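Report on one structure; see the data block that follows.
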């Protein structure tokens, strides 16, 4: 009986590990703020190690925490939302010079991770309603992560010159992956159609990124406009794939997106 007891205790301890993820990520984010105090030769390696640690821990723990629903959620979908959130949050944290902005980003990342792992705890593969609600929360994390990454893509040019040609393929690929995960909400659509729609959505993300980059507005506003417009596009395509185009929800969603974009551009500081 003793080996069996030890196994059960080990499993219980393993289930507690995902709950520590947000604290590990928070410590690495806070620690990265102290990198300027290190000698010049150690700064870049320290940042790389902190970034790799935060992203890898998040990806592994998200996969571990969602093991009970592996029948209905693929491994890559398990890791996508929290990993994208931490990746974007870390890069945003490095880019933004405001202490208040860094603190707000760090707090948001940790709170969303707490929500993610709390919701993941106790999920069952056969409880379709809870799994769908959980995937809805995951898409909120994905939207936040995509926003942070887009801010970094727009803002890095202010500090280190990176050609638009080098960033654009990454934006297109990221948009296609996020879109494909979203289009899995329409299981009745053929797989080829979902993949084609995801590829087109990646092109839309690329076009939005390039078009908005010409606006003389702050890079955070540019990122917000791109994020809202991109997810409004996903909403519309999802409605088409599920056969519910023209509903009130679609019109309300697109109308709200248009209003948000207009407000953001109208209140932004144009230079």
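The values are calculated or read from the model by the stated rules, or taken from the named source; none is laboratory data. No experiment lies behind these values; they were computed from the predicted model shown. Please note: Cβ atoms are built from the backbone with ideal geometry, for glycine as well, and neighbour counts cover all protein chains shown.
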Taking segment 1-28 and keeping residues modelled with pLDDT of 85 or more and loosely packed, with under 15 Cβ neighbours inside 10 Å leaves 23, 27
Restricting the first residue to segment 125-153 and requiring it to be over 23 Å from residue 219 (Cα atoms), which pairs with a second residue that is assigned to a helix (DSSP H, G or I) meet a Cβ separation below 6 Å and a spacing of at least six or different chains? 125/69; 131/69; 134/119; 137/119; 138/81
Only one of 263, 259, 240 is assigned to a helix (DSSP H, G or I), surrounded by 15 or more Cβ atoms within 10 Å (Cβ to Cβ) and on the phi < 0 side of the Ramachandran plot; which? 240
Being farther than 14 Å from residue 150 by Cα, without any contact (Cβ under 8 Å) to a residue 24 or more places away in the chain and loosely packed, with under 15 Cβ neighbours inside 10 Å is the filter here; which residues of segment 167-194 pass it? 187, 190, 191, 192
Checklist (1) in contact with a helix residue (DSSP H, G or I) (Cβ under 7 Å, 6 or more places away or on another chain); (2) surrounded by fewer than 19 Cβ atoms within 10 Å (Cβ to Cβ); (3) within 29 Å of residue 110 (Cβ to Cβ) applied to residue 199, failing item: (3)
Whichever residue in segment 29-42 is free of Cβ contacts under 8 Å to residues at least 40 places away in the same chain and either surrounded by 14 or more Cβ atoms within 10 Å (Cβ to Cβ) or outside any helix (DSSP H, G or I) (or both) and, among such residues, is farthest from the chain's Cα centre (by Cα): 39
Sort out which residues of segment 184-215 are over 13 Å from residue 154 (Cα atoms) and not in a helix (DSSP H, G or I), and write them in order of number. 184, 185, 186, 187, 188, 189, 190
